[in-house]
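See structure below.
Read-outs: derived from the displayed coordinates by stated rules, not from any lab. It should be emphasised that the depicted structure is a prediction, and the values quoted were computed from it without experimental measurement. Ideal geometry is used to build each Cβ from the backbone, glycine not excepted, and the neighbour counts take in all protein chains shown.
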Amino acid sequence: MSCLLPGMELDRATIGLVAEAERIARQLSVEHVVVASGVPAELLQHATRQADRVVVLPTKEPGDYQIEPCLAALHTVGAELKPRLVLLGQDTYSQEIAPRLAHRLQGCSIGDAQRIEIRDEKIHVTRGVYGGKAIAVVRANVEPAVVWTRSRAFAAEPERSAACQVEHHEGGTDDSSGSEIIERSREAASGVRLEDAQVIVSGGRGLGGPEPFAELGELAKSMKAEVAASRAACDAGWVSPSLQIGQTGKKVAPELYLAIAISGASQHLMGIADAKVVAAINTDADAPIFRHCQFGLVEDFRKVIGPLKEQIEESNG
Ligand SMILES: Cc1cc2nc3c(=O)[nH]c(=O)nc-3n(C[C@H](O)[C@H](O)[C@H](O)COP(=O)(O)OP(=O)(O)OC[C@H]3O[C@@H](n4cnc5c(N)ncnc54)[C@H](O)[C@@H]3O)c2cc1C
């Protein structure tokens, strides 16, 4: 069973998630059921080409979305279907739902999955530990294994053509909410999602304030890149928390990650473990980031950003 929750889109990460659930279902010789709540029509349509069944849960307006009713509905569907594996994404809802759903279904919860295998009929999940410094393979001794997956961990596979049944479910039996939304604010979204970005320019505490982030934005524009940040820069209020990369932020997999004035704490590195190339600019030659990058420049960012932007613009024509 794979779960598509509000906020998920028809992007590489979600396509990979559904494809992985389909692959595992074939290996276990069980049905692949996609349970969807409040997702775009094109994603639902994609799911019908990848699953035996799609179960659509009732949804409220996206702004009214709350964990409890969704959890209750997933619990009801899960209790009916008795899945061996429940796959969730990397978004905040999925991460919050995974352990709670595992508890209600009396299964186990495993986070940050990078690979899922069936060995001796048991579900084994490969995940990073110690801030991504080591890899652990975890065996699910009780089922269902409720697993949230690392963004873009799985490759998309060819769609299958078998007929798929779409059912509308009435929802959960207990949607009493222990919490209530008391305020809503909408953040203007622009550009590509960080999880899908090919190039990321990221700034840290060493930038010294919010102003240099405007300069970083200009550099990013010239590189057709997205701007991100370390937790220190987000916590200082210089940029939105939605830009945070790392263990408690977003996990990204760009072709190039340019870390400017970021020391390279293990929690930050965890978010960029899947970056193809990491480049860093830092005044401290001993900064840990230099042990984790392919290209490093020991220099004050103020001397680099302007000339770098000019050169890129020149070569762009
Ligand atoms: C449970 C937990 C979860 C965490 N999750 C995250 C997370 O998800 N993401 C995250 O980022 N952090 C996370 N952290 C925090 C993490 O441990 C670090 O504190 C944080 O990453 C440091 O951010 P930074 O590199 O921007 O700042 P610093 O470590 O202060 O580094 C600033 C760097 O800027 C350099 N510098 C200073 N001036 C200049 C200049 N003029 N030009 C160039 N370089 C300069 C310095 O040499 C230094 O290396 C977490 C911590 C905990 C305990």
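General remarks:
- Normalised contact order of the chain, rounded percent, pairs of Cα under 8 Å and 6 or more residues apart: 15 percent
- Residue 167 sits among other residues whose Cβ lies under 14 Å from its own Cβ, and their net charge, with Lys and Arg +1 and Asp and Glu -1, is -3.
- Pairs beyond 25 Å (Cα-Cα), from 133/221; 276/309; 251/303; 122/250: 133/221; 251/303; 122/250
- Long-range amide H partners of residue 2 with built H, under 5 Å: 33, 34, 35, 87
- For segment 2-168, the relative contact order is 30 percent, taking Cα pairs closer than 8 Å that sit 6 or more residues apart in sequence and dividing their mean separation by the residue count.
- Above 21 Å, the calculated P(r) of segment 39-160 contains 44 percent of its Cα-Cα pairs.
- Positive-end residue of 214, 191, 238, charge dipole of segment 167-254 with Cβ unit charges: 214
- Debye equation applied to the C-alpha atoms of the chain, log10 I(q)/I(0) at 0.06, 0.14, 0.15 Å⁻¹: -0.23, -1.08, -1.18
- Proximal charge balance of residue 121 [Cβ under 15 Å; K/R count +1, D/E count -1]: +2
- 0 to 90° range, to nearest 10: angle between helix 92-104 axis and the chain longest Cα axis: 40 degrees
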